[in-house]
Each structure stands twice: as C-alpha cells, then as structure tokens.
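Taking it in order: structure first as structure tokens, then the write-up.
The values are calculated or read from the model by the stated rules, or taken from the named source; none is laboratory data. Because the structure is predicted, anything quoted here is derived from the model rather than measured. Don't worry about glycine lacking a Cβ; one is built from the backbone with ideal geometry, like all the others, and counts go over all protein chains shown. Accessible surface is based on the protein model in full, side chains and every heavy atom, while ligands, DNA and RNA are left aside. Shrake-Rupley method; radii C 1.70, N 1.55, O 1.52, S 1.80 Å.
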Amino acid sequence: MQAALSALHSETLNGRPEGQDYTWFVQDRECICDVLDSLTAEQASRVLRDGVATIAAHCFHIHFALASGNAQSRGETFSGTWESSWHVQVVTDAEWADLGHQIKSEFADNI
C-alpha cells in the first residue's frame, strides 16, 4: 500500500515517470508541476466562468491541503481554514512563483 501511495503521490506532482508505460490517472505530464511551470500569473488569475475559482485559487487550496496535512502528521497545528484557502483568486508574478515553490516543498515534505 505504501508503494502504491508513493507512486500516486509522485505522479500527481511530476506526471508519468519516464520510461513507464502506465499511469494511475494522467496521460503523460498533466501534473501539478506542469500547471505551475507552464502558466503565467495572469493566466492562473483569469476567471474562466462566473462563479468558478481561478487556477490560482485552486493552487492555493492544494497548498492548504498539503500544508495542513503535513502539519497534522508532525503533530502541529496549522493556521488557516478550508474556506480561506479559496480567497486568493488573483496573483502577481512573484506570488505565483512563490506559490509554486511552496506547493513543491509541501509535496516533498509529504513523501
């Protein structure tokens, strides 16, 4: 079970491992790193449809989930709430880059 969870975790962040011909749920590299690295802050902040959170907001929510889970696994209290993790809809270039680093760091801590 641990090996399966580790493989799923890695695929979520990095996509299909090179040389591997199967995946859990992505076709190739449709993974979080690709989203973070391929979009600009402007693109991530774009409202695609009324009432739908931006990609930036979804990424803040991913960070919240990872950071709070990591804190709990260490016996720490994490500040922030599910609701507040959706508040930021628009990011600057610097904020988008920082969010990418934070998410990748939380994924690394979660292994």
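Some values worked out for this structure:
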| read-out | value |
| --- | --- |
| Subset of segment 81-111 [surrounded by fewer than 15 Cβ atoms within 10 Å (Cβ to Cβ), touching a residue at least 24 places away in the same chain (Cβ under 8 Å), β-branched (V, I, T) and under 18 Å from A71 (Cβ atoms)] | I111 |
| Residue within segment 51-68 that is in contact with a Lys or Arg (Cβ under 8 Å, 6 or more places away or on another chain) and under 21 Å from A41 (Cα atoms) present | yes |
| Scope segment 70-80; condition of a type in the set (G, A, S), part of a loop (DSSP other than H, G, I, E, B) and loosely packed, with under 13 Cβ neighbours inside 10 Å; matching residues | G75, S79 |
| Residue ID - nearest to G100 (Cα to Cα), chosen from residues in segment 1-15 that are open to solvent by 60 Å² or more (accessible area, probe 1.4 Å) and over 16 Å from the mean Cα position of the chain (by Cα) | L5 |
| Filter result for E11 (assigned to a helix (DSSP H, G or I) and under 16 Å from F107 (Cβ atoms)) | yes |
| Any hit, segment 32-55, residues being open to solvent by 30 Å² or more (accessible area, probe 1.4 Å), touching an Asp or Glu at 6+ places or on another chain (Cβ under 8 Å) and not in a helix (DSSP H, G or I) | yes |
